[in-house]
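Written below as structure tokens is the structure these notes are about.
The values are calculated or read from the model by the stated rules, or taken from the named source; none is laboratory data. Because the structure is predicted, anything quoted here is derived from the model rather than measured. Every residue, glycine as well, gets a Cβ built from its backbone with ideal geometry; the counts of neighbours run over all protein chains shown. Keep in mind that these areas ignore ligands, DNA and RNA; they rest on the heavy atoms of the full protein, side chains included. Shrake-Rupley method; radii C 1.70, N 1.55, O 1.52, S 1.80 Å.
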Amino acid sequence: MTLAPAQPDRTAQPPPAEDYRALTQECGLLDRSERGKLALTGAGAVEFLNGQVTNELADLRPGEGRYAAFLTHKGKMLGDLRILALGDDPAQRPTELLLDTERVALQALFDMIRRTKVGYELELHKRTLERGLLSLIGPAAQSIAGVQQLGATEHANVSTQLAGVSALAVRTAEGIDLICDAAETERLAAVLLERGAARVSAEAAECLRVERGRPRYGVDMDDSTIPQEADLNERAVSFSKGCYVGQETVARLFYRGKPNRHLRGLRLSAPAGTGDELRLADRVVGRLGSAAVSPALGPIALALVRREAESGALVDVGEDGITAEVTELPFAPA
């Protein structure tokens, strides 16, 4: 299992006020170069990956991107990933697919590709240590990145230059990611700081992610999770594409079944720790996933909870008398 271990003594803490203000009102800068990165090149890259992941890639063109999951044959998640299509001509097929995933899922993604690529015209490249990744988060991200030509849809990408540093700018739900050569990461960060970005902590960025109800693989999802349980169908799954690994389970659950669990928000009575057990009338209905103390919402968390814990239900959290109200996502203002 890849779910983070229970840490009942490690309760969430509020992020620094200046970090939260930068992320929500200005522009925060976070180095996420540790994320796992691979690349596929060759004429068969798109066809191959389209048969392995949950989203449609056949119509993907340079400058576009997709979010997807890769699964076991039983439809359980091995990880999620961002797929970025690179190339000079948007009318042609991509010359490279850049794959970005949680570090905890990198080995599974690498093994899946290496095991199943036989017979396809493609090459697999390691990029984790070769590429840096800086996230600009906040309303001023685009102006600081200086990429007015970047498409408005999430995962849109374009090559750019910032003070002589070449980078790939990628649209995110929170701002702009910039991917560059690893050796240029600090130089690029210095340029962004000069333009008005402020360095922020990973904990502050995680708080914002929890507020917006976006689950993270390895914390909120693991290898027991089916995409629909984590509310990923709309973002990560195509129900009109051809076959892919795990499709039968995903389609059957969508058209004829009801998930036993759902991703939900929790409004906590006090800060709690990732992994804390959730109980409804003495029955275990889940475990706490990502937890945060939001300056706007107070103590909150994400969790996969059993469907009997409906929105509005009050559940017990851990062993310290903490309770939580189950709520739909994203969180409504307090």
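The requirement of being free of Cβ contacts under 8 Å to residues at least 40 places away in the same chain, basic (Lys, Arg) and part of a strand (DSSP E or B) is satisfied by ARG279.
When the criteria are applied in full, ALA145 meets the requirement of being closer than 13 Å to ASP177 by Cα and either more than 20 Å from the chain's Cα centre (by Cα) or open to solvent by 40 Å² or more (accessible area, probe 1.4 Å) (or both).
One line per residue, one yes/no per condition, for (1) in contact with a Ser or Thr (Cβ under 7 Å, 6 or more places away or on another chain); (2) on the phi > 0 side of the Ramachandran plot; (3) open to solvent by less than 10 Å² (accessible area, probe 1.4 Å):
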residue	(1), (2), (3)
LEU188	no, no, yes
ARG195	no, no, no
ALA198	no, no, no
SER201	no, no, no
GLY213	no, yes, no
TYR217	no, no, yes
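Any residue at all in the stretch 190-209 that's more than 30 Å from ALA163 (Cβ to Cβ), outside any loop (DSSP other than H, G, I, E, B) and either among the aliphatic types (A, V, I, L, M) or at pLDDT 95 or above (or both)? Lay out the reasoning, then the answer.
Residues of the stretch 190-209 more than 30 Å from ALA163 (Cβ to Cβ): 207.
Cutting the leftovers down to outside any loop (DSSP other than H, G, I, E, B) gives us 207.
Applying the additional criterion that residues be either among the aliphatic types (A, V, I, L, M) or at pLDDT 95 or above (or both) yields 207.
Among the residues of the stretch 190-209, at least one is more than 30 Å from ALA163 (Cβ to Cβ), outside any loop (DSSP other than H, G, I, E, B) and either among the aliphatic types (A, V, I, L, M) or at pLDDT 95 or above (or both), which makes the answer yes.
Return yes when GLY289 is open to solvent by less than 20 Å² (accessible area, probe 1.4 Å) and closer than 14 Å to GLU229 by Cα and no when it is not. When the stated conditions are applied, GLY289 passes them.
In the set (1) more than 19 Å from ARG66 (Cβ to Cβ); (2) in contact with a helix residue (DSSP H, G or I) (Cβ under 9 Å, 6 or more places away or on another chain), GLY146 fails one condition alone, (2).
Could you list, in sequence order, the residues of the stretch 300-334 that are part of a strand (DSSP E or B) and open to solvent by less than 30 Å² (accessible area, probe 1.4 Å)?
Taking the stretch 300-334 and keeping what is part of a strand (DSSP E or B), we get 300-306, 314-317, 322-327.
ILE300, ALA301, LEU302, ALA303, LEU304, VAL305, VAL315, VAL317, ILE322, ALA324, VAL326, THR327, listed by residue number.
Considering GLY175, GLY138, the condition of being at pLDDT 95 or above, closer than 20 Å to GLY65 by Cβ and open to solvent by less than 40 Å² (accessible area, probe 1.4 Å) is satisfied by GLY175 alone. Residues that are hydrophobic (A, V, I, L, M, F, W, C) and under 21 Å from the mean Cα position of the chain (by Cα) within the stretch 168-197 comprise LEU168, ALA169, VAL170, ALA173, ILE176, LEU178, ILE179, CYS180, listed in sequence order. Of the strands (runs of 3 or more DSSP E) lying entirely inside the stretch 66-158, those carrying at least 2 residues that are more than 22 Å from ALA173 (Cα to Cα) and out of contact with any Ser or Thr (no Cβ under 7 Å at 6 or more places or on another chain) are 123-126.
Checked against (1) at pLDDT 95 or above; (2) within 16 Å of LEU71 (Cα to Cα), GLY242 passes all but a single condition, namely (1). Listed by first and then second residue, the pairs linking a residue in the stretch 34-50 that is at positive phi to a residue that is surrounded by fewer than 21 Cβ atoms within 10 Å (Cβ to Cβ), with Cβ atoms under 7 Å apart and 6 or more places separating them unless they lie on different chains, are GLY42/GLU121; GLY42/LEU122; GLY42/GLU123. Any chance the stretch 235-256 includes a residue that's part of a helix (DSSP H, G or I) and under 15 Å from the mean Cα position of the chain (by Cα)? Scanning the stretch 235-256 turns up at least one residue that is part of a helix (DSSP H, G or I) and under 15 Å from the mean Cα position of the chain (by Cα).
Determine whether the stretch 44-57 contains at least one residue that is surrounded by fewer than 18 Cβ atoms within 10 Å (Cβ to Cβ), among the β-branched types (Val, Ile, Thr) and either over 30 Å from GLU194 (Cα atoms) or touching a strand residue (DSSP E or B) at 6+ places or on another chain (Cβ under 7 Å) (or both). No; the residues of the stretch 44-57 include none that is surrounded by fewer than 18 Cβ atoms within 10 Å (Cβ to Cβ), among the β-branched types (Val, Ile, Thr) and either over 30 Å from GLU194 (Cα atoms) or touching a strand residue (DSSP E or B) at 6+ places or on another chain (Cβ under 7 Å) (or both). Residues that are among the small types (Gly, Ala, Ser) and assigned to a loop (DSSP other than H, G, I, E, B) were ranked within the stretch 159-172; the one that is least open to solvent (accessible area, probe 1.4 Å) is GLY164.
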